[in-house]
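Taking it in order: structure first as structure tokens, then the write-up.
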Amino acid sequence: MKYRIFLVPQLEGGYYVAIPALIGCQTQGENREHAIEMAKEAIQLFTEGIKDPGVEVLPDSSMEETIINWNGKEFRSFIVPRLNSGFTIEIPTLPGCGKYGRTKEQALENTNKELKKCLDEIEEDGDPIPEDSKTEEVIVEV
């Protein structure tokens, strides 16, 4: 199966890797090649770890891409359906800032609230806000 992964450069070096189709599946790598290999391993372990025959891994194509605009900054985001239980928003450049909702609209509303908290924390720490333009999308097959 093919998955879109997002390589996000980190200030301290290396890459954070977001795998939005698999909610909660993420990894990191010391360089680009290492990050891609770690992503393949993470996907394999994540999908193999789902033992319940009633649980299905949704294909990457089930995600809907959208842009969340916050104070003039745009963040590429994904609305990911959760089987029988609503939607989660994933923002590759800002891990942990996406939220769940029973509807797409509720997930977006909850994410917008969380996004403000995330960006405030980043600014309070004196760190630059990550830019989508520095994030690389890669397709991997596992």
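Read-outs throughout are calculated quantities, based only on the coordinates presented, and are distinct from any laboratory measurement. Because the structure is a prediction, the values reported are computed rather than measured. Quick reminder, even Gly has a Cβ in these numbers, built from the backbone with ideal geometry, and neighbours come from all protein chains shown.
Please work out the ratio of the alpha-carbon Rg of the range 76-131 to 2.2 N^0.38 Å and round it to two decimals.
After normalising by residue count via 2.2 N^0.38 Å, the value is 1.18.
I need the shape label for the range 1-83. Rule: rounded when a/c is under 1.5, else prolate if a/b > b/c, else oblate, with a, b, c from the alpha carbon gyration tensor.
Oblate, because a/c is 1.5 or more while a/b does not exceed b/c.
Using mean Cβ contacts within 10 Å as the protection proxy, how do 30-37, 65-72, 133-140 order, highest first?
Highest to lowest by the protection proxy: 30-37, 133-140, 65-72.
Size of the chain along its principal axes in angstrom, Cα-based, largest extent first?
Principal-axis extents of the chain (Cα, largest first): 44, 37, 20 Å.
With the cut-off at 28 Å, tell me which of the pairs 99/134; 2/116; 2/113 have Cα atoms farther apart than that. The partial results should precede the final answer.
On the way: 99/134 23 Å; 2/116 32 Å; 2/113 32 Å.
Pairs exceeding the cut-off: 2/116; 2/113.
Taking the chain as a whole, which cysteines find no other cysteine Cβ under 4.7 angstrom from their Cβ?
For the chain, the answer is 25, because their Cβ atoms have no other cysteine Cβ under 4.7 Å.
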